[in-house]
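The values are calculated or read from the model by the stated rules, or taken from the named source; none is laboratory data. Computed from a predicted structure; not experimentally measured. Backbone-built Cβ (ideal geometry, glycine too); neighbour counts: all protein chains shown. The accessibility values were calculated without ligands, DNA or RNA, using every heavy atom of the protein model including side chains. Shrake-Rupley method; radii C 1.70, N 1.55, O 1.52, S 1.80 Å.
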Amino acid sequence: MNLVIDAGNTRTKIGIFEEALLKSTRVFEDYAASADYLKSLDADHAMISSVTDQGKTLIASLKVKGKLLVLTPQLSLPIENRYGTPGTLGADRLAAACGAWQLFPRQSSLVIDCGTCINYEFVHAHGYYAGGAISPGLSMRFRSMHEMTSRLPLASPATEVPLTGTNTVECLQSGVMNGVLEEIKGVIERYRKTDPGIRVILTGGDAHFFEKPLKPFIFVAPELVLTGLNSILLH
């Protein structure tokens, strides 16, 4: 049994694999609950990716018979990492790139990870991670408008919002939801101009807001980061 852990900014996702097959997943909103769950598991091998210092707490909770790997820029990967500053590259971004290569080997891929931030990752068909872009996520955009103004309320993400809002909340939702949708469409279009056969993969906690309007141009992979972590562990 391979145990893989994606410790993000707002939640922890845990996957159990048998070789390349994902058998089960769990998602936790706080580190204490995820640590308690990990204490109940006995893994043959484990891999963890963490973008916060709380990852050390989770490692202490693990019971592993074989290899215990932490995703770092120095770790051997299934793809070449050509990022200019590998020491500053988020582990979740690198894992997503490896997950894209696992799903579509020897094909160019654009990963769009809609989480706390919206991460764009480009994996070249020649087997290397080139880099990408980082943009504010949905909650970040709503919070910034609320916290950096004196009168705008805190709105929430919604599906199928109107283009023209008829009240302040609808206007905020239209600006964020439609703005992000057009941003994603624009990025996809620019990549397709230079690589018409590129595979576009949508993932992340907020991906469901954009899955319907982006079809049939995208492949949805909710567990992409877990898949990538397991592919590194197998590698």
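Tabulated data for the structure shown
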| quantity | calculated |
| --- | --- |
| Selection of GluC sites (Glu not before Pro), region 1-97, meeting DSSP coil and at most 14 other Cβ within 10 Å | Glu19, Glu29 |
| Of all accessible heavy-atom area on region 73-146, the percent that carbon and sulfur account for (1.4 Å) | 52 |
| Inter-site label distance for Thr72 and Asp53 at 7 Å from Cα along Cβ, in nm | 1.8 |
| Descending semi-axes in whole angstrom, ellipsoid equivalent of region 98-157, from the Cα gyration tensor | 35, 10, 6 |
| Extended-chain gain in nm, criterion 0.36 nm per residue less alpha-carbon gap, Met148 and Lys39 | 35.1 nm |
| Inter-site label distance for Thr88 and Val220 at 7 Å from Cα along Cβ, in nm | 3.5 |
| Residues whose placed amide H lies under 5 Å from that of Ala46, excluding near-sequence neighbours | Leu3, Lys67, Leu68, Leu69 |
| Extended-chain gain in nm, criterion 0.36 nm per residue less alpha-carbon gap, Ser135 and Arg192 | 18.6 nm |
| Prolate/oblate/rounded call for the chain, Cα gyration tensor, a/c under 1.5 rounded | oblate |
| Unsatisfied cross-links (Cα-Cα over 32 Å) in the set Lys23/Lys215; Lys39/Lys215; Lys63/Lys212 | Lys39/Lys215; Lys63/Lys212 |
| Global form of region 106-235, assessed from the alpha-carbon gyration tensor, a/c cut-off 1.5 | prolate |
| In order through region 97-112: 3J(HN,Hα) via Karplus (6.51 cos²θ - 1.76 cosθ + 1.60), integer Hz, x for Gly, Pro | 5, 5, x, 5, 5, 5, 6, 10, x, 6, 10, 6, 9, 10, 8, 10 |
| C-alpha long axis of helix 138-147 to longest principal axis of the chain, angle in ° | 50 |
| Loop GluC sites (Glu not before Pro), region 110-186 (other Cβ atoms within 10 Å of the site Cβ: 12 or fewer; DSSP) | Glu160 |
